[in-house]
Amino acid sequence: MSIEVTPIPDSFAAMVSGIEISGNAAPEDVARTRQALLDHGVIVIRGQQFDDHQHVAFSRLFGEIELHTQKAWLLPDLPEILALNNRGERGTKPIMNGGAYWHSDVSYKARPPIGSLLHGIEVPPEGGDTLYADMCGAYEALSDEMKARLAGLRATHSYVQRYEAMSADDPERPQLTAQQLAEVPAVSHPVVRTNPESGRKALYINEGFTVAIEGLPQHEGRALLDELFTHSTDERFRYRHRWQAGDLVIWDNRTTMHCATAYDRRHARNLHRTTIVGDVPV
């Protein structure tokens, strides 16, 4: 079966079919899939039934896997996988409100991830969708004046502030240890980054982890961030993914951000994520 890439109507994302989800996928199929990811930012591969080891093996075809700082959410026998499970799984802590804000995964690291691969194993009958925002499209739609204003600006990204805010709403969320805090010091990234593979520019700020614009008074920086957040999450830049069991969604963290939506927590929700080590944003 050959790889087919089909744009999803009224969105920037695409459906991909014909790829074998395992470590044995043909190199040309991986290259075609990676190109689809570069072209669209978010790709969806439906009807996938594979185990965790196959998930990890397939992810490694795209690069080295990054392990999340909060080890309580990693599968103890396969820590490459972060279990987004509201019931807990194989000894992991439940995640009740994970990702319910706009963010780019792990933007608080000096080398944020290239991308993430999220497998829907068990999903609620309704709700629990994931929203994605096209940050290349958002940048390109800015006025020339705003683009000039943003050129050369840098922003501070922090994990700790967001984690503390989420912990206040979720008493079951484990506290960060001193060692974990040492792993995630605040970092500086350009407000506009260039994808080294495609050459496209994208806004690289998110309400989850971007806490300040460097070199600007706090109130001015906050106002600019709020303006950019509102602009980049406008409906014209969004794709809403309505999960089906067996979906594999892959996104480019360099050019998109995403947000989980609400669902009835009486229903189980279990998704497994791997994240691919990235490079220093420029």
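Assorted remarks:
- Single condition Met96 does not satisfy, out of (1) among the aliphatic types (A, V, I, L, M); (2) open to solvent by 10 Å² or more (accessible area, probe 1.4 Å); (3) under 19 Å from the mean Cα position of the chain (by Cα); (4) modelled with pLDDT of 95 or more: (4)
- Candidate set from the range 220-269 (those that are assigned to a loop (DSSP other than H, G, I, E, B) and either of a type in the set (S, T, N, Q) or at positive phi (or both)); member that is most open to solvent (accessible area, probe 1.4 Å): Gln244
- Single residue of the range 190-248 satisfying the filter (touching a residue at least 24 places away in the same chain (Cβ under 8 Å) and basic (Lys, Arg)) that is farthest from His55 (Cα to Cα): Arg236
- Every pair of residues 6+ apart whose Cβ atoms lie under 7 Å, when the first sits in the range 127-149 and is over 17 Å from Phe12 (Cα atoms) while the second is acidic (Asp, Glu): Gly127/Asp264
- Residue check: His272 meets all listed conditions (1) touching an Asp or Glu at 6+ places or on another chain (Cβ under 7 Å); (2) within 15 Å of Gly137 (Cα to Cα); (3) in a strand (DSSP E or B) but one, namely (2).
- Residue, surrounded by the fewest Cβ atoms within 10 Å (Cβ to Cβ), within the range 196-211, restricted to residues that are in a strand (DSSP E or B) and of a type outside the set (D, E, K, R): Val211
- Residue-level check: of (1) open to solvent by 10 Å² or more (accessible area, probe 1.4 Å); (2) modelled with pLDDT of 95 or more; (3) among the small types (Gly, Ala, Ser), Ala186 misses just (2).
- Across the range 112-148, the number of residues qualifying as open to solvent by 10 Å² or more (accessible area, probe 1.4 Å) and in a helix (DSSP H, G or I) comes to 8.
- Selection status of Gly91, touching a Gly at 6+ places or on another chain (Cβ under 6 Å), farther than 18 Å from Ala260 by Cα, part of a loop (DSSP other than H, G, I, E, B) and open to solvent by 40 Å² or more (accessible area, probe 1.4 Å): no
- Filter result for Asp39 (open to solvent by 40 Å² or more (accessible area, probe 1.4 Å), within 19 Å of His241 (Cβ to Cβ), assigned to a loop (DSSP other than H, G, I, E, B) and at pLDDT 95 or above): no
- Scoring Asp169 on the criteria (1) of a type in the set (Asp, Glu); (2) over 17 Å from Asp134 (Cα atoms); (3) at pLDDT 95 or above leaves a single failure, condition (3).
- Here Gly152 meets the list (1) without any contact (Cβ under 8 Å) to a residue 40 or more places away in the chain; (2) open to solvent by 70 Å² or more (accessible area, probe 1.4 Å); (3) in a strand (DSSP E or B); (4) of a type outside the set (Phe, Trp, Tyr) almost entirely, failing just condition (3).
The values are calculated or read from the model by the stated rules, or taken from the named source; none is laboratory data. All figures in this text were calculated on a predicted structure; none of them were measured in a lab. Because the Cβ atoms are built from the backbone with ideal geometry, glycine has one as well, and the counts that use them run over all protein chains shown. In case anyone asks, the SASA skips ligands and DNA or RNA and just uses the protein heavy atoms, side chains included. Shrake-Rupley method; radii C 1.70, N 1.55, O 1.52, S 1.80 Å.
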